[in-house]
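Values in this text are rule-based calculations from the coordinates and carry no lab data. Just so we're clear, the structure is a prediction, and the values are computed from it rather than from any experiment. Note that we place each Cβ from the backbone using ideal geometry, even for glycine, and neighbour counts take in every protein chain shown.
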Amino acid sequence: MELHQLKPAKGATHKQKRLGRGEASGKGGTSTKGNKGAQSRTSYKIKIGHEGGQMPIQRRLPKRGFKNNNRIEYRIFNIGQVEDLLKKYGFKEFTPENLYINSLISQFDYVKILGNGEIKSSVSFKVNAISQKAKTAIESAGGSVEIIK
């Protein structure tokens, strides 16, 4: 067998329907599209969300709320959680880099520490934001806090 002798497998190819080529084709007249109306016309396409004349759901439902594009989303850690993470991962300091290396946050996440729970170990923190209660708890345990941008 050579390249010029290759053919598709039997049944793999089909004859193309020749629509709108007269009555003798067996598909003449309306070309299998029924009678009249938009669906029988060329380039008919129904729009997304069309409900057949009924008021579409995106127009029936009211607009609600407001989305602030300038909002900064923080990954929140309470100092009780921080204590557990220090034991589990053996952090010497609590930084976004350490959290990212251990797959606890994404690369560009901002980290904020909140004051729920207790901390006993003295660890240095380098975070993007911290609550006043958490800051006093960390400093009273002998740790230090640095805010990074």
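Here are the numbers for the structure shown:
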read-out: Cβ-based exposure ranking for L99, L3, in which fewest neighbours within 10 Å come first; value: L3, L99
read-out: Karplus 3J(HN,Hα) series, Hz, for segment 10-27 with 6.51 cos²θ - 1.76 cosθ + 1.60 (x for Gly, Pro); value: 5, x, 7, 10, 10, 6, 6, 5, 9, 8, x, 10, x, 5, 5, 6, x, 10
read-out: In sequence order, calculated HN-Hα J values of segment 112-117 (Karplus, 6.51, -1.76, 1.60; Hz; x Gly/Pro); value: 10, 9, 10, x, 7, x
read-out: Cα-Cα separations in the chain greater than 19 Å, expressed as whole percent; value: 72
read-out: Residue among K33, K126, K67 with the largest mean-square fluctuation in a Gaussian network model of the chain, springs linking Cα atoms under 10 Å; value: K33
read-out: Ordering of 87-93, 69-75 by burial proxy (mean other Cβ atoms within 10 Å per residue, highest first); value: 87-93, 69-75
read-out: Dipole magnitude (debye, nearest 20) for the chain, charges at Cβ of Lys, Arg, Asp, Glu; value: 1680
read-out: Under-5 Å amide H pairs with Y110, H placed in peptide plane, nonlocal only; value: R75
read-out: Sequence-distant residues sharing a close amide H with V145 (under 5 Å, placed H); value: F125
read-out: Using alpha-carbon coordinates, inclination of helix 79-89 to the longest axis of the chain, degrees; value: 80
read-out: Neighbour-count ranking [beta-carbon atoms within 10 angstrom, fewest first] of T95, T13, T136; value: T13, T136, T95
read-out: Amide H within-cut-off set for N78, under 5 Å, with H built and near neighbours excluded; value: L114
read-out: Compactness of segment 74-147 as Cα Rg over 2.2 N^0.38 Å, two decimals; value: 0.96
